[in-house]
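Bear in mind these aren't lab numbers, they're just calculated from the coordinates by the rules spelled out. Here the structure is a predicted model, which means the values were calculated and not measured. Note: ideal-geometry Cβ built from the backbone for every residue, glycine included; neighbour counts use all protein chains shown.
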Amino acid sequence: QVQLVESGGGLVQPGGSLRLSCAASGTFHSINAMAWYRQAPGKERELVAAITRGDITNYADYVKGRFSISRDNAKNTVFLQMNSLKPEDTAVYYCNADLKYNPWYSNSLWGQGTQVTVSS
């Protein structure tokens, strides 16, 4: 069974940095796009950043210049480097991956989520 496991969340002070990791394991052919989403209490889940297999990236306006998404295809892992963190960045961060199983089938898989709290 395919699984997406996140790590790196925690408590940081405003202005601090945090690096999230998400690794895919199991049986699949390859991974297409990967992305990070976040969801704060009482709010909808929103896209933070996305990256294609060819390293084309897309960022939400509120994280541009502060966050950076990258991936290591050999390790089936995507990262989110978060700098200059603000209290409003506090949320559960979810990894998403578009997994390809054969030339005709792929599906989207979510990680379990990791809590990021920015507070003094």
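Here are some notes:
- The gain in end-to-end length when the residue 25 to residue 68 segment is fully stretched comes to 13.2 nm, 0.36 nm per residue minus the alpha carbon separation.
- The Cβ shell under 15 Å around residue 52 holds other residues with a net charge of 0, Lys and Arg each +1, Asp and Glu each -1.
- Across all C-alpha atoms in the chain, the radius of gyration and Dmax reach 14.2, 49 Å.
- DSSP-defined antiparallel bridges as percent of all bridges, the chain, nearest 5: 95 percent
- Straight-line reach from residue 100: taking Cα to Cα under 24 Å and skipping same-chain neighbours fewer than 8 places apart, the lysines in range are 75.
- Point-charge dipole on Cβ atoms (K/R +1, D/E -1) for the chain, about Cα centre, debye to 20: 120 debye
- Summing charges over all other residues whose Cβ lies under 14 Å from the Cβ of residue 66, with Lys and Arg as +1 and Asp and Glu as -1, gives +1.
- For a straight C-alpha distance cut-off of 19 angstrom, the aspartates and glutamates reachable from residue 86 (same-chain residues fewer than eight places away being disregarded) are 44, 46, 61.
- Charge dipole (Cα centre; +1 on Lys/Arg Cβ, -1 on Asp/Glu Cβ; no other charges) of region 1-54 amounts to roughly 60 debye.
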